[in-house]
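The values are calculated or read from the model by the stated rules, or taken from the named source; none is laboratory data. Quick caveat, the model's predicted, so the values are computed rather than measured. Backbone-built Cβ (ideal geometry, glycine too); neighbour counts: all protein chains shown. When the accessible area is computed, the model is the full protein with side chains, heavy atoms only, and any ligands, DNA or RNA have been set aside. Shrake-Rupley method; radii C 1.70, N 1.55, O 1.52, S 1.80 Å.
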Amino acid sequence: MKYIVVFVWTFILGEVLGYIGSALESATYDATMTSLFSVVIGMIGTIAYVAISKSAAPHADK
């Protein structure tokens, strides 16, 4: 469930950043490319976070 929430927030914040960035650059806003880019970057970040967290977690010796 937490990955779905991360996906949704990545989409929303990516769209906001894309809109503001296009306004600052005086460029046309392309929602499709902004969505794809933000989702890809968000998924890479999520996978990297999970991988780093697993390797950093202490292992309990039995």
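What to note about this one:
- Identity of the residue in the range 17-53, outside any helix (DSSP H, G or I) and of a type outside the set (A, V, I, L, M), that ends up least open to solvent (accessible area, probe 1.4 Å): Asp30
- Residue pairs whose Cβ atoms lie under 9 Å apart, separated by 6 or more positions or on different chains, with the first residue in the range 32-51 and within 11 Å of Phe7 (Cβ to Cβ) and the second open to solvent by less than 40 Å² (accessible area, probe 1.4 Å) and among the charged types (D, E, K, R), are Ser38/Glu15.
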